[in-house]
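Could you have a look at this structure, given as structure tokens, before my questions?
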Amino acid sequence: MNTPSDNRPSPDALLKEAKREARGKLKIFLGAAPGVGKTYSMLRAAHARKREGIDVVVGIVETHQRSETDALSKDIESIQRLSIDYRGIAFQEMDLDAVLKRAPRLVLVDELAHSNIPGARHPKRYQDVEELLEAGIDVYSTLNVQHIESLNDIVARITGVTVRETIPDNILQEADSIELIDLTPEELLQRLKEGKVYIPEQARLAMNRFFTPGNLTALRELALRQAAERVDDQMTNYMRSHAIAGPWPTSDRVMVCIAGDGQATSLIRTAKRSAERRQAVWLALYIETHHHAALSESVHRDINQALHLAENLGGESMTVAGEDIPGEILRIARERNISVIIIGKSQRSLWSRLSRPSVAASVLEQGGSFDILVMSGTTNEAKRRPPERDAPPPGSWITRIEWRSYIEATMVVAFATGISWAVSHMADLPTLSLIYLIGILMIAVDRGFRVSFYAAFLSFLAFDFLFMEPRYSFAIRRSEDFLTLSFFLAVSFAIGLIGDRLQRQVKVTRLNADRTQALYDFNKSIAAAATFDDTLQSVVRHMANSLKAKIVLLLPEGERLEVGAAFPADTKLDTASNAAMDWAWRHGRPAGLGSDTLPGAAYYGLPLRSGNETVGILAVRTESSTPLSSDQEHFLTSMASQSAIAIERTKLTADIAQARLQTETERLRSSLLSSISHDLRTPLVAILGATTSLRDYWDKFDDKSRRDLFATIEDESDRLNRFVQNLLDMTKLVSGALQPKHQPTDVQDLVGSALGKWRKQLGDRPLRLDIPEDLPPVDGDLAILERVLINIIDNACKYAPADQPLTITARREAHYVRLTITDRGPGIPENERDRVFDMFYRVKIGSAPSSGAGLGLAICRGFIEAHGGRIAAQPGIDGVGTQIVIRLPIVK
């Protein structure tokens, strides 16, 4: 039995390579600064590809009136640019649809980080490039290092300039190749002086600001480091996919904790760089306390953008509800096996610092088993951001007091004072103090910490003035009275704190309960829907009521989307929204209002995903016609996943009914075939004719004729035997009676045995075998697998010319052995390669279907799948003929 080996290709690396094969190839020409020659180098590389016969076009290239670059660009076909009117000015952008329609092999797209003019399909040019790559078109593009998202704050500190146009790091990481265009600072400054980068006046200003020797040296180092890291990543991926032993990423895990204090994006970038240095996975965490609901929409948006930024940079985002922020951070860190925690040092008021330790200090104190990095909150973002809650309206401090809450607290204290005064003649001082404490607790639970402190202090004054001797005076004569008042005040404050915490927990619990109840009602409604239309109506009605929005549910009908349900029923989508929904459906990603694609649309489109399939699109528009908040988006995503499952369930119900009908049809066809068939009668007629000829005309035949007739009897008998065997095998497969014997089977023995039994039918046909001797044994039944090979070889001999070779190869792939039988026949059309394994299906050769009953390959698939393997038909070598590829599991 084989033991697992470490020297095998990484499945993840192989899967990644397989996904790359279906996309176009992206090559980025990376430079440290403008003017190093990226566009010129890209055009030279394009000319080299053009000389190789590659179809190359220019999508968009900015030559900046440089003569050498201009000359190179004129010799390559250029797609006419799209003119977009914005604020009365016509801007020229790349015409994405024209490039897709032209479908070249390679397109040049300059300035990858460029922001498109509003009105274009995507806000960013790199998103245009992604769509081109998905369409299978190769792309050459250019990029300066300062436009990489994770380096944005570093570049700002180096140069004093904040770059607004950036691309996510994953775009760079997923590029198939990166070419570093390097130029020393001295050479670049000389080019500036010579007017080869900017006009003289611009060049002078640039050398005094951005293009200083120090800045250029630092940017050059960043570019070199990025190129080196990319080469290292490519080497690691190569080693993984080719099972080469070497340095592997460590088991470090990085977690960054963000809040609504303005430091979130800076912390995200820091975590990205830290994780890259450690070659570690990383996580961005946000703890949602009861304060979250009171935050302004801008803070909500900042938090949501920071979490999306983490995902774009290759990390994972996570939101957790809780009140004990340090405790939740450490709990998640332990659950996720985090080794490094990154947290920001928040800007806190004096009272906050005196009343409780900071989150960073608490994590440092309690998280002894973690490496904890506390980042100083000195970024410009943190300095600009006010405290976590909404900023109060302008005006004096008096206008910022919650007058209503304080008036209610005063009335409660007055009511407690009245009750205390009424019972003061029959109750002692401790009893009277309890009346005040009850009122303070009620205020704390209902109004929070600050108002309860006010009530506590007011109660302290009333209790001292009215009930402590001497009455109607704030003077205190006895030391025990002073202690009584002090403890009364301390207990009041403590009750206020306890009540405030209770209020927070009640708010969080109520919010979670509302969300849970809404999801419960939603699931209950769609589960009770009996028909497909009922399910659709239930989905849109509940979503509209929960989100206070207009909802349109679109379903795919062939090559376009149709409205399945809407609430209100008369809701219609405008042209821009229809385009956004169509894009979301075809790409499986959100589009429309507030997204990265067609943000000018009136509706936000969210794909309904069930597994790997998009079953529909939700179009959402809130009553305020503004983008969804982070809470609304999260809630919508939760309901969308349940909706997709419900829609898929109702579809499957209809499919099951259809499948039952098809099963009955197949059973009828099997019965008819087993009773009488052309494929049964043909060999019987041939055998009968040969035997009667030999019986009646024996003396008239010479020896050669007799041998030919006997050979006919033998061949047709063998054909009849194989056909009956196929019917028996198919009967076993359909009934589930087939039980293969699982035992180690040598691949060379398997192929040799099958070829030995089929040697006569092979005749003089050339045979090429490529089966390594060190292949591990497969887990299978030798007799059954032998019949599979015989059926496939029989097909290959039947349809390929007799002088063309038959090739059989075997290779190991991860936990499988890949066995390939290749012929040089007419091949199988692409749209029929999956159907050839269906029962009774026969490929058409010319205008007529091929001979046979259409059972052989169906039986082969059943046998292989019974062994836990897979079988597929692929085009042959150089597109000629057919390859039948079998994957059989290796013995564990």
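The values are calculated or read from the model by the stated rules, or taken from the named source; none is laboratory data. Here the structure is a predicted model, which is why all the values come from computation and not from measurement. Every residue, glycine among them, receives a Cβ derived from its backbone with ideal geometry; neighbour counts consider all protein chains shown. What goes into the accessible areas is simple: the full protein's heavy atoms, side chains included, and nothing from ligands, DNA or RNA. Shrake-Rupley method; radii C 1.70, N 1.55, O 1.52, S 1.80 Å.
Mind listing whichever residues of segment 414-429 are open to solvent by 70 Å² or more (accessible area, probe 1.4 Å), free of Cβ contacts under 8 Å to residues at least 40 places away in the same chain and in a helix (DSSP H, G or I)?
Phe415
Give the residue, chosen from Asp878, Asp838, that is under 37 Å from the mean Cα position of the chain (by Cα), more than 15 Å from Asp794 (Cα to Cα), surrounded by fewer than 17 Cβ atoms within 10 Å (Cβ to Cβ) and modelled with pLDDT under 80.
Asp838 is the lone residue from the list that is under 37 Å from the mean Cα position of the chain (by Cα), more than 15 Å from Asp794 (Cα to Cα), surrounded by fewer than 17 Cβ atoms within 10 Å (Cβ to Cβ) and modelled with pLDDT under 80.
A further question follows. Where in segment 555-642 are there strands (runs of 3 or more DSSP E), lying wholly inside it, with at least 2 residues that are within 17 Å of the chain's Cα centre (by Cα) and not small (Gly, Ala, Ser)?
604-610, 613-622
Can you name the condition, by its number, that Gln127 falls short on among (1) among the polar types (S, T, N, Q); (2) under 21 Å from Val36 (Cα atoms); (3) within 22 Å of the chain's Cα centre (by Cα)?
With respect to (1) among the polar types (S, T, N, Q); (2) under 21 Å from Val36 (Cα atoms); (3) within 22 Å of the chain's Cα centre (by Cα), Gln127 is out only on (2).
Right, next: Run down Asn7, Asn2 and say which single residue is among the polar types (S, T, N, Q), more than 27 Å from the chain's Cα centre (by Cα), at pLDDT below 90 and open to solvent by less than 80 Å² (accessible area, probe 1.4 Å).
Asn2
Taking interchain pairs and intrachain pairs at least six residues apart, which have beta carbon atoms under 8 angstrom, with the first residue in segment 522-538 and under 10 Å from Ala646 (Cβ atoms) and the second part of a loop (DSSP other than H, G, I, E, B) and at pLDDT below 85?
Every condition considered, the pairs that remain are Thr535/Ala529; Ser538/Ala529.
Another question about this same structure. Within segment 74-120, take every residue that is open to solvent by less than 60 Å² (accessible area, probe 1.4 Å), more than 17 Å from Val58 (Cβ to Cβ) and hydrophobic (A, V, I, L, M, F, W, C) and give me the one that is nearest to the chain's Cα centre (by Cα).
In this case the residue turns out to be Ala113.
In the list Ser459, Ser473, Ser452, Ser486, which residue meets the criterion of being modelled with pLDDT of 70 or more, over 30 Å from His292 (Cα atoms) and crowded, with 20+ Cβ neighbours inside 10 Å?
Ser459
Another one. Quickly run through segment 95-123 and pick out the residues that are among the basic types (Lys, Arg) and within 15 Å of His587 (Cβ to Cβ).
Arg121
Same structure again: Of (1) buried (at least 19 other Cβ atoms within 10 Å of the Cβ); (2) closer than 30 Å to Glu130 by Cα, Ala259 satisfies all except one. Which?
Tallying (1) buried (at least 19 other Cβ atoms within 10 Å of the Cβ); (2) closer than 30 Å to Glu130 by Cα, Ala259 fails exactly one: (2).
Can you find even one residue in segment 655-671 that is at negative phi, at pLDDT below 70 and touching a helix residue (DSSP H, G or I) at 6+ places or on another chain (Cβ under 7 Å)?
No, because not a single residue in segment 655-671 is at negative phi, at pLDDT below 70 and touching a helix residue (DSSP H, G or I) at 6+ places or on another chain (Cβ under 7 Å).
Do the conditions hold for Val139, that is, is it within 24 Å of the chain's Cα centre (by Cα) and part of a strand (DSSP E or B)?
Criteria met by Val139.
Sticking with this structure for a sec: Which of the residues belonging to segment 770-788 are assigned to a helix (DSSP H, G or I) and open to solvent by 10 Å² or more (accessible area, probe 1.4 Å)?
Scanning segment 770-788 gives Leu782, Ala783, Ile784, Glu786, Arg787.
Now for a different question. Name the residue that is farthest from the chain's Cα centre (by Cα), counting only residues in segment 148-167 that are surrounded by 21 or more Cβ atoms within 10 Å (Cβ to Cβ) and of a type outside the set (Val, Ile, Thr).
Among residues in segment 148-167 that are surrounded by 21 or more Cβ atoms within 10 Å (Cβ to Cβ) and of a type outside the set (Val, Ile, Thr), the one farthest from the chain's Cα centre (by Cα) is Leu151.
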